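Please read the structure below before turning to the comments.
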Amino acid sequence: MSDSPLIIKSKAFALEIIKLCNETKKEKHESVLTNQLIRSGTSIGANIREAFFAHSKPDFIAKLQIALKECSESEYWLELLTEAGYSDNTAILEQCKELKRLLIASINTAKKNKQ
């Protein structure tokens, strides 16, 4: 489990989100967007971890779908922070998009293998 690309990348993403939010709060005094981002950005990995201990294949898929929703929400907050001029960290947005692609592929694979 711990060597899963989803787990590794989601944890790295969460750590980057924490750093970005802390820096943004400190430098720009922006807390509304960063509070939302820190919740959604760190919950991706938590839901992925939960998926690995799912009770069934449908439960596994459901947890990954929740992680995907949180990833999409994080992408939105990152876009807002960038477009509002609070952040110029485009690398973290790309990291988010990569994580989203991995989640979509994993969900699709799990659904195919379900049958």
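Data overview
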read-out: Failed item in (1) assigned to a helix (DSSP H, G or I); (2) under 23 Å from THR34 (Cβ atoms); (3) hydroxyl-bearing (Ser, Thr, Tyr), with TYR86 passing the rest; value: (1)
read-out: Residue check, ALA105 touching a Gly at 6+ places or on another chain (Cβ under 9 Å), assigned to a helix (DSSP H, G or I) and of a type outside the set (Asp, Glu); value: no
read-out: Top-ranked residue of region 21-42 - restricted to ones that are at negative phi and not in a helix (DSSP H, G or I), ranked as surrounded by the fewest Cβ atoms within 10 Å (Cβ to Cβ); value: SER31
read-out: Residues that are among the small types (Gly, Ala, Ser) and not in a loop (DSSP other than H, G, I, E, B), drawn from region 1-20; value: SER10, ALA12, ALA14
read-out: For GLY45: the one exception among (1) more than 18 Å from ARG101 (Cβ to Cβ); (2) of a type outside the set (Phe, Trp, Tyr); (3) assigned to a helix (DSSP H, G or I); value: (1)
read-out: Test: residue in region 6-20 that is polar (S, T, N, Q), modelled with pLDDT of 95 or more and surrounded by fewer than 20 Cβ atoms within 10 Å (Cβ to Cβ); value: no
read-out: CYS96 vs. criteria part of a helix (DSSP H, G or I) and closer than 13 Å to LEU20 by Cβ; value: yes
read-out: Cβ-Cβ under 8 Å pairs, at least 6 apart or on other chains, region 94-111 side in contact (Cβ under 8 Å) with a residue 24 or more places away in the chain, far side among the polar types (S, T, N, Q); value: CYS96/SER74; LEU99/SER10; LYS100/SER72; ILE107/GLN65
read-out: Conditions (1) within 20 Å of ALA84 (Cα to Cα); (2) more than 11 Å from the chain's Cα centre (by Cα); number of the one not met by ARG49; value: (1)
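So that you can scan it fast, the table gives a plain yes or no per residue for (1) charged (D, E, K, R); (2) touching a Phe, Trp or Tyr at 6+ places or on another chain (Cβ under 9 Å); (3) touching a residue at least 40 places away in the same chain (Cβ under 8 Å); (4) farther than 22 Å from THR90 by Cα:
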residue	(1), (2), (3), (4)
SER4	no, yes, yes, yes
LYS9	yes, no, yes, no
THR34	no, yes, yes, no
SER40	no, yes, no, no
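The values are calculated or read from the model by the stated rules, or taken from the named source; none is laboratory data. On a predicted model such as this, the values are computed, not experimentally measured, just so you know. Neighbour counts run over all protein chains shown; Cβ positions are idealised from the backbone, glycine included.
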